[in-house]
Amino acid sequence: MDICDKAEALEQQQRQQALNNALNRPLEHGRIIDGTKVCICCDEPIPATRLQAAPNAVRCIDCQALEEAYGNG
Ligand SMILES: [Zn+2]
């Protein structure tokens with residue numbers, strides 16, 4: 001493998017990583033509409049009290065309960 005192949009492989013790897021990051025970000029941090037964090041399932045605003053208790057929450061309480069009950073990831 002010469003240096004050009006190596007650089008290309010590295011570039012591809014970095015591009016894939018950036019793509020993965022971009023794809024993962026919305027789920028990781030939830031969905032924000034007009035500065036309000038909303039549930040990724042039903043688009044309802046997530047109450048501030050819930051975000052205080054669970055800052056990483058991406059679902060409202062109802063959807064979170066469903067997710068835990070039927071849990072398909
Ligand atoms: Zn919801």
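The values are calculated or read from the model by the stated rules, or taken from the named source; none is laboratory data. Being a predicted model, the structure only gives us computed values, none of them experimental. We place every Cβ from the backbone using ideal geometry, glycine too, and count neighbours over all the protein chains shown. Calculation scope for accessible area: heavy atoms of the full protein, side chains included, ligands and nucleic acids excluded. Shrake-Rupley method; radii C 1.70, N 1.55, O 1.52, S 1.80 Å.
A few remarks follow.
- Within the stretch 37-46, being more than 7 Å from the ligand (Cβ to nearest atom) and open to solvent by 60 Å² or more (accessible area, probe 1.4 Å) holds for Asp43, Pro45.
- Restricting the stretch 48-68 to residues that are open to solvent by 100 Å² or more (accessible area, probe 1.4 Å) and of a type in the set (D, E, K, R), the residue that is farthest from Val38 (Cα to Cα) is Glu68.
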